[in-house]
């Protein structure tokens, strides 16, 4: 598991508590199949922070129950053979797939842990690996039972996409980048 914006101490394993003198600081801890790790941290950095995992067996959370990970396997013909037994079966992909994009088109229960990401505060989709949640840290919470909404960033602290004119002004030659990766033109920008 990996946390953004904070560091934590690993305080226990699935075996037992770890003595304070043996605990260590981390931002990432490996939790293998069948294991658990307890962590403690001080939530002292206000913001909306990603807390997620990159483990393949966690990425397959909702749909991978009792089915093998198919990455690297040629699944040709598999769906046709399984559909009579499991009409809704869908192979999870043999070259990997963007589970976040898949979550946009496939419904799942509201109380389900996000497969790979979530809608972000700027109208985009935050795509992360594996299990994903957002840790919302605030200086003053009115209630732990209500979502405080998206963090309100102090003025001047959010990076914005630069226009082609702004990039040129800063000495960046935009012609070296493929058209698809260039910033979108703002109204009034000259066309090329």
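The values are calculated or read from the model by the stated rules, or taken from the named source; none is laboratory data. Treat the numbers as computed from the prediction; the structure is a model and nothing was measured. With ideal geometry, Cβ positions are generated from the backbone for all residues, glycine too; neighbour counts draw on all protein chains shown.
Quick check: anything in segment 103-112 at pLDDT below 85, over 19 Å from the mean Cα position of the chain (by Cα) and more than 30 Å from residue 80 (Cα to Cα)?
Looking through segment 103-112, none of the residues is at pLDDT below 85, over 19 Å from the mean Cα position of the chain (by Cα) and more than 30 Å from residue 80 (Cα to Cα).
Exactly one condition in (1) within 21 Å of residue 126 (Cβ to Cβ); (2) free of Cβ contacts under 8 Å to residues at least 24 places away in the same chain is false for residue 27; which is it?
With (1) within 21 Å of residue 126 (Cβ to Cβ); (2) free of Cβ contacts under 8 Å to residues at least 24 places away in the same chain applied to residue 27, the lone miss is (2).
Just the residues that are at pLDDT 85 or above, in contact with a strand residue (DSSP E or B) (Cβ under 6 Å, 6 or more places away or on another chain) and more than 20 Å from residue 120 (Cα to Cα), please, taken from segment 30-60.
The answer is 37, 38, 39, 40, 41, 43.
Scan 167, 135 and give me the residue that is modelled with pLDDT of 80 or more and farther than 19 Å from residue 45 by Cα.
167
Tell me the residue from 75, 68 that is modelled with pLDDT of 65 or more and farther than 25 Å from residue 8 by Cβ, please.
75
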